[in-house]
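Contents: one structure, followed by commentary.
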Amino acid sequence: MISEKISENSGNPVLVVVPPTHDGSLDLAAAELIGAASAVGDPIALTDSEAHAEALAGFGATRVLLAPGADVVAATAAAYDAYFPAAVVFPHSVRGREAAARFAARSRKALLTDATGLRTDAEGVVTDHSNYGGAYTAVAAATHSAPVVTVRPGSVDKRAEPAELRVEVLEVEPDERRAARVVEVTPTERTSPRPDLVTADKVVAGGVSLGSEEMFEELVGGLADALGAAVGATRSAVDEGQVPYEAQIGQTGVLVSPKLYIAVGISGAVQHLVGMQTSDTIVAINNDADAPIFEVADFGIVGDIFDVVPQIIAELEARNR
Ligand SMILES: Cc1cc2nc3c(=O)[nH]c(=O)nc-3n(C[C@H](O)[C@H](O)[C@H](O)COP(=O)(O)OP(=O)(O)OC[C@H]3O[C@@H](n4cnc5c(N)ncnc54)[C@H](O)[C@@H]3O)c2cc1C
């Protein structure tokens, strides 16, 4: 059934795998993944849920493959064999990474992880990767077959034009091989009414120099609220108990890529930079003009955070009134 439809398929398919979520909602990265794939070909989305087909076409998937109840890796293999895409794209999320790695190992394809973009050169699909806090950008390509790519959330601005809804049910052979099974899901209780850190457009992050939980909340929280931003932190601020771990940004925290990132009293250690340096606009406030954060900042204020930040908050509050 599928092979009959291959001839109808557009020239250069790129398979976008949208992994199932624990609550059945559509993966937040879907639009971004389809946008990233559209830079190198015609995005074909693979999902386990018919309920998401319309949204995926709206994001630009020229075809939506449905594989309800199938293991995501087995479904990806079936979709690959049907369409021979130029690349197979997953989100760089916990589920996306796990599925991408299993598919790449099983199908013996190159795995290019944490890409910040896809494009083509004379030889085919290449991916961009930002390393060591943005100090180096690496370009990667597979030496054989289509690459399996995971895309960093929030790193691709491109969005595809909406496409006509074309749905196809994929036939997936039952697979007896071992697969990861989610045994239990315990949602973390969100304690803050502020925007979610990972998906926020604006982030205000603070460092250990805030000195206390109260001061962190007053300055970093206050500036975040004046801007409608999420609150982030360095590991040192978390280690000092100024803010919970869920706010930690960096190598051992979350990766963020907002439109605006304000660093309040943050030195700019490489372990922090890896988590935020793909932000569109970075503003740094630090009293040390030689702090490494200024090397990645678009705008810098050399000054004392205890002087500068209350003035910015007062100015924003006056404008918001
Ligand atoms: C394996 C490993 C993993 C790590 N993972 C992470 C991670 O995920 N995320 C992370 O953030 N870190 C991580 N770290 C820690 C990282 O190396 C740094 O120690 C940490 O990021 C520094 O945090 P900071 O900027 O708050 O503190 P500091 O480096 O101490 O910097 C404080 C800054 O505040 C400035 N300052 C002080 N007082 C004022 C003032 N009054 N006004 C203005 N500026 C002021 C100072 O000039 C300084 O630049 C990791 C480290 C290791 C070894």
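Per q in 0.13 1/Å, what log10 I(q)/I(0) does a Debye calculation on the alpha-carbon atoms of the chain return?
The calculated log intensity ratios at q = 0.13 Å⁻¹ are -0.95.
In nm, give the distance between the simple-model label positions of ASP290 and ASP23, each being 7 Å from the Cα along the Cα-to-Cβ direction.
Going by the 7 Å Cα→Cβ label model, 4.9 nm.
As an exercise, use a Förster radius of 56 Å and the Cβ-Cβ distance of ARG321 and ALA180 to find the FRET efficiency, rounded to the nearest 0.05.
With R0 = 56 Å, the Cβ-Cβ based efficiency is 0.65.
Can you tell me the relative contact order of the range 7-169? Whole percent, Cα pairs under 8 Å, sequence separation 6 or more.
30 percent
Tell me, what HN-Hα J-couplings in whole Hz come from the Karplus equation 6.51 cos²θ - 1.76 cosθ + 1.60 at θ = phi - 60° for each residue of the range 70-80, using x for Gly and Pro?
With coefficients 6.51, -1.76 and 1.60, one gets 8, 4, 4, 6, 4, 5, 5, 4, 5, 5, 4 Hz.
Helix-only mean residue ellipticity at 222 nm, the chain, DSSP H runs n ≥ 4 weighted -39,500 (n - 2.57), per residue, nearest 500. What is it?
-7000 deg cm²/dmol
Quick one: angle between helix 94-107 and the longest Cα principal axis of the chain, in degrees between 0 and 90, rounded to 10, please.
Once rounded, one gets 40 degrees.
Would you work out the relative contact order for the range 80-159, in percent, from Cα pairs under 8 angstrom that are 6 or more residues apart?
Result for the range 80-159 is 39 percent.
How big, in percent, is the set of alpha carbon pairs in the range 202-320 lying more than 21 Å apart?
Of all Cα-Cα distances in the range 202-320, 27 percent exceed 21 Å.
Percent antiparallel among DSSP beta bridges with both residues in the chain, to the nearest 5?
Just about 20 percent of them are antiparallel.
Between ALA53, ALA30, ALA82, find the one with the highest GNM mean-square fluctuation for the chain; connect C-alpha pairs within less than 10 Å.
ALA82
Where both partners of a DSSP beta bridge lie in the range 97-195, what percent of those bridges are antiparallel, to the nearest 5? Let's see the in-between values first.
Values: 11 of 14 bridges.
Antiparallel bridges: around 80 percent, rounded to the nearest 5.
Given Cα pairs under 8 Å that are at least 6 residues apart, what percent is the relative contact order of the range 202-320?
Values: 244 pairs, mean separation 28.3, N = 119.
Relative contact order, the range 202-320: 24 percent.
Which residue, THR127, THR47, THR21, has the most motion in a Gaussian network model of the chain that connects Cα atoms within less than 10 Å?
THR21
A short reminder: the numbers here are calculations on the coordinates, not readings from a lab. Worth saying up front: this structure is predicted, and the values here are computed from it rather than measured. Using ideal geometry, Cβ is built from the backbone for each residue, glycine included, and neighbour counts are taken over all protein chains shown.
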